[in-house]
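Before I ask anything, let me first share the structure, which is written out below as structure tokens.
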Amino acid sequence: MASDSYANWSSQDAVVCRGVGKTWAEDTARAHEALRGIDLDIAPGEFVVLLGPSGCGKSTLLYLIAGLERQTQGKIWAFRDPVEGPSPDRSLIFQETSLFPWLTVWQNVSFGLSIRGAPEAERRAVAREALQRVGLAEAMDKRPDELSGGMRQRVAVARALAMRPKVLLMDEPFAALDVQTRAKMQDFLLDVWRDSGASVLFVTHHIDEAVALADRVVVFTARPGRIKSIVPVDLPRPRDPFSPEAEALRRQLTEELRSEVDRAFAEQEALAAE
Ligand SMILES: Nc1ncnc2c1ncn2[C@@H]1O[C@H](COP(=O)(O)OP(=O)(O)OP(=O)(O)O)[C@@H](O)[C@H]1O
């Protein structure tokens with residue numbers, strides 16, 4: 001089924017992965033396979049969540065699609081172009097934001113433009129617009145340490161949006177936040193996503209979060225991560241987390257994950273015993 005050819009996928013697809021695998025430290029005695037045979041197509045404007053046990057290669061797949069690492073098997077395309085390195089079209093947002101503490105909020109948001117040598121007036125204007133989209137225009141001249149954790153994550157999203165990406169790659173972006181802030185950030189992200197028209201590929205450990213956000217949930221096996229199933233989430237938005245349909249989906253995803261989490265634990269115990 002895996003193939004390197006353009007056949008069978010739409011030229012409209014935002015991201016296409018065919019037979020993608022990654023073995024870290026491939027030519028050494030420490031080689032280990034993180035990902036195997038990933039075939040995945042992401043449509044423009046689609047919200048896809050990656051769910052899987054710890055260490056199954058979810059972050060690795062994001063780094064490959066971001067162009068920050070190279071796969072060892074298969075191919076990845078973004079809007080028909082082979083992914084061969086980073087691009088402003090594809091922005092990666094991490095769990096812990098790495099804002100520069102010595103820069104103001106607007107300087108952080110427009111950092112990518114300053115690398116390109118854009119003049120200050122343009123950088124300010126772009127930063128203001130991106131910060132408006134995350135509801136933080138008032139905080140332009142503040143420093144990161146004057147903001148709460150949730151606000152810092154919104155600044156990180158604004159920084160990603162400032163580059164007008166077509167694909168947002170989000171690696172457990174709300175994991176460090178408390179439950180209430182995380183729920184607010186999910187609502188906020190859905191608004192930003194709708195406005196921007198970007199595709200989102202979002203990694204989480206939380207089944208609730210997957211059901212709240214996704215158009216499709218991709219469930220990974222334990223390492224080496226393969227796609228175990230792709231579950232469409234056909235629930236209208238705004239979603240009611242207490243609806244019987246949402247409950248049924250959470251149960252289905254819990255079942256899908258359980259055996260993989262057990263396998264991942266068994267493998268980690270075996271590794272620890274070596
Ligand atoms: N830079 C790296 N060098 C070597 N091995 C790595 C590197 N990054 C990740 N790995 C290994 O690849 C495997 C998959 O890691 P990855 O972080 O992608 O998994 P994950 O599913 O995102 O895990 P988690 O849910 O715990 O964040 C792990 O065994 C990890 O140790």
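Since every read-out is calculated from the coordinates, none of them should be taken as a lab result. Here the structure is a predicted model, which is why all the values come from computation and not from measurement. Glycine gets a Cβ as well: all are built from the backbone with ideal geometry, and neighbour counts include every protein chain shown.
I'd like the Karplus ³J(HN,Hα) series for the range 151-168: coefficients 6.51, -1.76, 1.60, θ = phi - 60°, whole numbers in Hz, and an x wherever there's a Gly or Pro.
5, 5, 5, 5, 4, 4, 5, 4, 4, 5, 5, 4, 8, 6, x, 8, 9, 9
Can you list the HN-Hα couplings for the range 12-23, worked out from phi with the Karplus curve (6.51, -1.76, 1.60; θ = phi - 60°), rounded to whole Hz and with x for Gly and Pro?
Whole-Hz 3J(HN,Hα) from phi for the range 12-23: 7, 4, 6, 9, 10, 10, 10, x, 7, x, 9, 10.
Next question, about the same structure. Could you give the angle, 0 to 90 degrees to the nearest 10, between helix 120-133's Cα long axis and the longest principal axis of the Cα atoms of the chain?
60 degrees
For the chain, find the longest principal axis of its Cα atoms and tell me its angle to the long axis of helix 244-273, 0 to 90°, nearest 10.
Taking Cα atoms only, the helix is inclined about 70 degrees.
If I model a spin label at residue 250 and residue 266 as a point 7 Å from the Cα along the Cα→Cβ vector, what separation in nanometres do I get?
2.8 nm
Can you list the trypsin sites (Lys or Arg not before Pro) in the range 76-129 that are in a DSSP coil and have 14 or fewer other beta carbons within 10 angstrom?
80, 116
Right, here's the next one. In whole angstrom, note down how far apart the Cα centers of the range 184-228 and the range 137-164 are.
Taking the Cα centre of each part, the range 184-228 and the range 137-164 sit 21 Å apart.
Identify which of 102, 24, 77 has the largest mean-square fluctuation in a Gaussian network model of the chain, with springs joining Cα atoms closer than 10 Å.
102
If you don't mind, another one. What FRET efficiency do you get for residue 145 and residue 26 if R0 is 25 Å and r is their Cβ-Cβ distance, rounded to the nearest 0.05? All intermediate terms of the calculation are to be shown ahead of the outcome.
Details: r = 41 Å, r/R0 = 1.63.
Using R0 = 25 Å, I get an efficiency of 0.05.
Separate question: Please work out the ratio of the alpha-carbon Rg of the chain to 2.2 N^0.38 Å and round it to two decimals.
Values: Rg = 19.1 Å, N = 274, 2.2 N^0.38 = 18.6 Å.
So the chain has a normalised radius of gyration of 1.03.
Still on this structure, I have one more. Take every Cα-Cα distance within the range 92-164, group them into 10 Å bins from 0 onward, and report for each bin the whole-number percent of pairs it holds.
All Cα pairs considered, the percentages come to 23, 61, 16, 0.
Cα-based count: Lys pairs in the chain below 29 Å, eight or more positions apart or different chains?
14
Using 7 Å Cα-to-Cβ label points, what is the residue 95/residue 176 separation (nm, one decimal)?
Between residue 95 and residue 176, the simple spin-label model gives 1.0 nm.
Quick one: length gained pulling residue 164 to residue 114 fully straight, 0.36 nm per residue minus the C-alpha distance?
Gain in length upon complete extension: 16.5 nm.
Next up: Which value in Å does the Kirkwood hydrodynamic radius of the range 153-234 take, with 1/r averaged over all unlike C-alpha pairs and then inverted?
13.7 Å
Determine how many Å³ per residue the convex hull of the Cα atoms of the range 195-274 encloses. Present the calculation step by step, with values, prior to reporting the outcome.
On the way: hull volume 8.4 nm³, N = 80.
Cα convex hull per residue, to the nearest whole number: 105 Å³.
So how far apart, in nm, are the two label points at residue 72 and residue 205 if each is 7 Å from Cα heading toward Cβ?
2.6 nm
Follow-up question, since we're still on this one. So how strong a dipole does the chain carry about its Cα centre when Lys and Arg Cβ are +1 and Asp and Glu Cβ are -1, to the nearest 20 debye?
Computed charge dipole of the chain: roughly 540 debye.
Short version: ³J(HN,Hα) in whole Hz for each residue of the range 62-72, in order, from phi by Karplus 6.51 cos²θ - 1.76 cosθ + 1.60 (θ = phi - 60°), x for Gly and Pro, what are they?
Using θ = phi - 60°, the values come out as 4, 4, 5, 5, 5, x, 8, 9, 9, 5, 9 Hz.
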